[in-house]
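Undergrad: My questions will all concern the structure given below.
The values are calculated or read from the model by the stated rules, or taken from the named source; none is laboratory data. Because the structure is a prediction, the values reported are computed rather than measured. Neighbour counts run over all protein chains shown; Cβ positions are idealised from the backbone, glycine included. For accessibility, only protein heavy atoms count, side chains too; no ligands or nucleic acids. Shrake-Rupley method; radii C 1.70, N 1.55, O 1.52, S 1.80 Å.
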Amino acid sequence: MPKIEVNEKLFFNAIGKKYSYSELEDVFPCAKAELDEKPDMTQSDDERVIKIELNDTNRPDLWSLNGVARQIKLHEGGKTVDYMKIMSNKGNNDYGDRVVNVDPELKDIRPYMVAFMIAGKPIDDAMLKDIIQTQEKLAWNFGRKRKSISMGVYRVDQIKFPVSYHAVDPDKTSFVPLQCEAPMTCRQILTDHPKGKDFGWILADMKKFPLLSDAKNEVLSMAPIINSATLGAVQVGDKDLMVELTGDNIENLILSANIVACDFADQGYEIKPILVKHPYDTGLGKDIMVPYYFQKTTKTTLKAVNKLLGSDFDMPKVVDALTRMGSTVETSGEEITLSPAPYRNDFLHEVDIIEDVMIGCNISAFEPRTPQDFTVGRLMPLTEFSRKAKTLMVGLGYQEMIFNYVGSKKDYIDNMMIDGSKVIEIANPMSENYQFIRPEILSSLCRAESGSANAMYPHKIFEIGKVAYLKDDENTGTTTRQHLGFLTAAADANFNTLASEVSSLVYFLDHEYKVEESSDPRFIPGRQAQLIVDGKPAGVFGEVHPQVLENWGITTPCVAGELDLESLM
């Protein structure tokens, strides 16, 4: 989970109230946070640093001093800035001569950019450190290590508009990057500069690199790697700053820009838009100005709130709780319509509204209740059947494994050579490594085998667990099933041996079956079979395709299979 460090004096000033550390521990839950470490009390209050751990990753607006302070202030009944006044599509749209032109060549490199300007007062040391921390947290966690989102800050007084965001030849273009005194080519930065070594993998395979420069051809940065040592070297005392974000997802970029702009607005800075002109459609138009309000409303009912929370709240109580969480609420009879704050985009379902009601009312205010119904605990029939299958697999010489249910596109789709049309993708993943729900178990077994080359062969592993995939005739559009997956890696692994094991397994699970030819791309054609039980497909097994093995880096022949246990009950 993300951790942030906040300057104590700046933090309490942002809240508008000073708390003891025991009081902080009581109010932190409203921001899904907890006190990670108290500051060094030998330091003065403007030097002390409070360390905070965030317990949730779906609220990137809380990954900064101002975000946590704002949520605490709102929850305690305080007032904050009217953020709609700084939204470009709500009236704040005077960009003057502040224009950025995007090169058409960037469409397949790093296609989107948003930017705005802050003005009004100089940056002090505490605020500069918080800007840097916010930049790092957003780019590392929400931006997938800068691949999807990167952020740069520049001194406006030295920038000549219009600014150009364009593609350049990395071997023929050079500038002086931060922490250096001599020019380096863009390609050289990837190999010789510390930030290039950390993030160069994002651009390494590109024929051209993205560069941000002004009308005087002064370089601002090479996104998403490093700023220039001239326009990109922000220091304490700088007054007017340009904030830009580049990446490959326009909604995430705008959300990040809204978060940062609201943070600056909380500190009393004036927010001015910058027009970014794309030569291609971004999904939200070609010309983009931020901050920009794009969030959709979400609805629930008072009955649904009270049913899920086990409460008897009236409508004013619910509205007050949601307002304390920063949202705008409209009611019509029993229906509640919520408009999120511009720095939030985490309302995907009515349950998200109900969660905010619970937090807004204080979780500690809910009295513990003992169950009112008498129940007798027992194992579900599916669990008992799965345990029987597990015992049989162990008897066949297999070792049980346990894997995550969430993974990457590379693991579940690319490496397994499937089309991915039925794979469930998470709408707002925090990392590309946890972006998809696994549709089968074989990919998990292949991952385990790819790291087991040093273990003595044969390798025989299995897992019984959940898989999920899209299914149109289900109410939710998805279905979750209990599967058994198994894999054998050995020099003599072959279809005939596996077929005999499958025969034994299905026999002791009390089923008659037959096999039919299958065309699963994960297996070798002609060396695979579909298991048919009661006239319906119940699984597949065969010799794993050499290309799948190569994708995983497996050098030993493998046979594998997967059965739908629920269809065998």
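Undergrad: For the subset of region 330-350 comprising residues that are closer than 26 Å to Phe142 by Cβ and part of a strand (DSSP E or B), which member is least open to solvent (accessible area, probe 1.4 Å)?
TA: Among those residues, the one meeting the criterion is Leu338.
This table checks each residue for (1) touching a Cys at 6+ places or on another chain (Cβ under 9 Å); (2) open to solvent by less than 20 Å² (accessible area, probe 1.4 Å); (3) within 26 Å of Leu498 (Cβ to Cβ).
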position: Leu396; (1), (2), (3): no, no, yes
position: Glu425; (1), (2), (3): no, no, no
position: Ile437; (1), (2), (3): no, no, no
position: Ser452; (1), (2), (3): no, no, yes
position: Gly465; (1), (2), (3): no, yes, yes
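Undergrad: Related question: Is there a residue being among the small types (Gly, Ala, Ser) and either out of contact with any strand residue (DSSP E or B) (no Cβ under 8 Å at 6 or more places or on another chain) or under 11 Å from Pro291 (Cα atoms) (or both) anywhere in region 241-253?
TA: No, because not a single residue in region 241-253 is among the small types (Gly, Ala, Ser) and either out of contact with any strand residue (DSSP E or B) (no Cβ under 8 Å at 6 or more places or on another chain) or under 11 Å from Pro291 (Cα atoms) (or both).
Undergrad: Considering each residue of region 14-30, count those that are closer than 18 Å to Asp130 by Cα and surrounded by 15 or more Cβ atoms within 10 Å (Cβ to Cβ), and give that number.
TA: Total meeting the criteria: 2.
Undergrad: Here is a list of conditions, (1) in a helix (DSSP H, G or I); (2) open to solvent by less than 20 Å² (accessible area, probe 1.4 Å), and Arg447 meets all of them except one; can you say which number that is?
TA: (2)
Undergrad: Here is a follow-up. Could you please tell me which pairs satisfy a Cβ distance under 6 Å, a separation of 6+ or placement on different chains, a first residue in region 189-215 that is among the polar types (S, T, N, Q), and a second residue that is in a strand (DSSP E or B)?
TA: Going by the 6 Å Cβ cut-off, the qualifying pairs are Ser213/Ser164; Ser213/Val219.
Undergrad: Under the condition of being under 20 Å from Ile353 (Cβ atoms) and open to solvent by 20 Å² or more (accessible area, probe 1.4 Å), which residue from region 50-73 is farthest from the chain's Cα centre (by Cα)?
TA: Asn55
Undergrad: If Lys90 passes every condition in (1) within 23 Å of the chain's Cα centre (by Cα); (2) modelled with pLDDT under 95; (3) of a type outside the set (Phe, Trp, Tyr) but one, which one does it miss?
TA: (1)
Undergrad: Return the residues of region 374-427 that are at positive phi and at pLDDT below 90; say none if nothing qualifies.
TA: Gly420
Undergrad: Additional query: Write out, first by first residue and then by second, each pair whose Cβ atoms fall under 6 Å of each other, whose residues are 6+ apart or on separate chains, and whose first residue, in region 75-88, is among the aromatic types (Phe, Trp, Tyr) while the second is part of a loop (DSSP other than H, G, I, E, B).
TA: Listed by first residue and then by second, the contacts come to Tyr83/Pro342.
Undergrad: Moving to a separate point now. Looking only at region 397-418, how many residues end up being touching a helix residue (DSSP H, G or I) at 6+ places or on another chain (Cβ under 8 Å) and either of a type in the set (Asp, Glu) or assigned to a strand (DSSP E or B) (or both)?
TA: Adding up the residues that qualify gives 5.
Undergrad: Here is a follow-up. Within region 478-528, how many residues are over 17 Å from Glu440 (Cα atoms), open to solvent by less than 70 Å² (accessible area, probe 1.4 Å) and not in a strand (DSSP E or B)?
TA: 15
Undergrad: Restricting region 546-564 to residues that are part of a loop (DSSP other than H, G, I, E, B) and under 12 Å from Asn494 (Cα atoms), which is least open to solvent (accessible area, probe 1.4 Å)?
TA: The residue in question is Thr556.
Undergrad: Any idea how many residues of region 402-417 are in contact (Cβ under 8 Å) with a residue 12 or more places away in the chain and surrounded by fewer than 19 Cβ atoms within 10 Å (Cβ to Cβ)?
TA: Of the residues in that region, 9 qualify.
Undergrad: Still on this structure, please answer the following. List pairs: first in region 368-396 and touching a residue at least 24 places away in the same chain (Cβ under 8 Å) and outside any helix (DSSP H, G or I), second hydroxyl-bearing (Ser, Thr, Tyr) and surrounded by 10 or more Cβ atoms within 10 Å (Cβ to Cβ), Cβ under 8 Å, 6+ apart or cross-chain?
TA: The qualifying pairs are Leu396/Ser504.
One line per residue, one yes/no per condition, for (1) open to solvent by 10 Å² or more (accessible area, probe 1.4 Å); (2) not in a loop (DSSP other than H, G, I, E, B):
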{"site": "Trp140", "(1), (2)": "yes, yes"}
{"site": "Arg144", "(1), (2)": "yes, no"}
{"site": "Lys147", "(1), (2)": "yes, no"}
{"site": "Asp157", "(1), (2)": "yes, yes"}
{"site": "Phe161", "(1), (2)": "yes, no"}
{"site": "Tyr165", "(1), (2)": "no, yes"}
{"site": "Pro170", "(1), (2)": "no, no"}
{"site": "Ala182", "(1), (2)": "yes, no"}
{"site": "Arg187", "(1), (2)": "yes, yes"}
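Undergrad: Do you know which residues across region 31-42 are surrounded by 16 or more Cβ atoms within 10 Å (Cβ to Cβ) and of a type in the set (A, V, I, L, M)?
TA: Once the filter is applied, which keeps residues that are surrounded by 16 or more Cβ atoms within 10 Å (Cβ to Cβ) and of a type in the set (A, V, I, L, M), region 31-42 yields Ala31, Ala33.
Undergrad: Restricted to region 511-545, and to residues that are among the β-branched types (Val, Ile, Thr) and out of contact with any Lys or Arg (no Cβ under 9 Å at 6 or more places or on another chain), which residue is modelled with the lowest pLDDT?
TA: Among residues in region 511-545 that are among the β-branched types (Val, Ile, Thr) and out of contact with any Lys or Arg (no Cβ under 9 Å at 6 or more places or on another chain), the one modelled with the lowest pLDDT is Val515.
Undergrad: For region 351-367, enumerate the residues that are in contact with an Asp or Glu (Cβ under 9 Å, 6 or more places away or on another chain) and either of a type outside the set (Gly, Ala, Ser) or not in a helix (DSSP H, G or I) (or both).
TA: Result: Asp352, Cys361.
Undergrad: Out of region 446-485, which residues are in contact with a Phe, Trp or Tyr (Cβ under 8 Å, 6 or more places away or on another chain) and of a type in the set (S, T, N, Q)?
TA: If the condition is that a residue be in contact with a Phe, Trp or Tyr (Cβ under 8 Å, 6 or more places away or on another chain) and of a type in the set (S, T, N, Q), then Ser450, Thr478, Thr479 are the ones that fit.
Undergrad: Follow-up question, since we're still on this one. Quick one: is Asp45 at pLDDT below 90, open to solvent by 20 Å² or more (accessible area, probe 1.4 Å) and not polar (S, T, N, Q)?
TA: yes
Undergrad: Another question, then. Could you grab me the full set of residues in region 295-307 that are open to solvent by less than 30 Å² (accessible area, probe 1.4 Å) and in a loop (DSSP other than H, G, I, E, B)?
TA: Selection gives Gln295 alone.
Undergrad: If you don't mind, another one. So, in region 88-110, exactly how many residues are surrounded by 20 or more Cβ atoms within 10 Å (Cβ to Cβ) and in a helix (DSSP H, G or I)?
TA: 2
Undergrad: Would you call Lys85 part of a loop (DSSP other than H, G, I, E, B) and basic (Lys, Arg)?
TA: Here the answer is no, as Lys85 does not meet what is asked.
Undergrad: Also, I was wondering about something else. Could you list, in sequence order, the residues of region 111-129 that are open to solvent by 10 Å² or more (accessible area, probe 1.4 Å) and either of a type in the set (S, T, N, Q) or in contact with a Ser or Thr (Cβ under 9 Å, 6 or more places away or on another chain) (or both)?
TA: Passing the criteria: Pro111, Tyr112.
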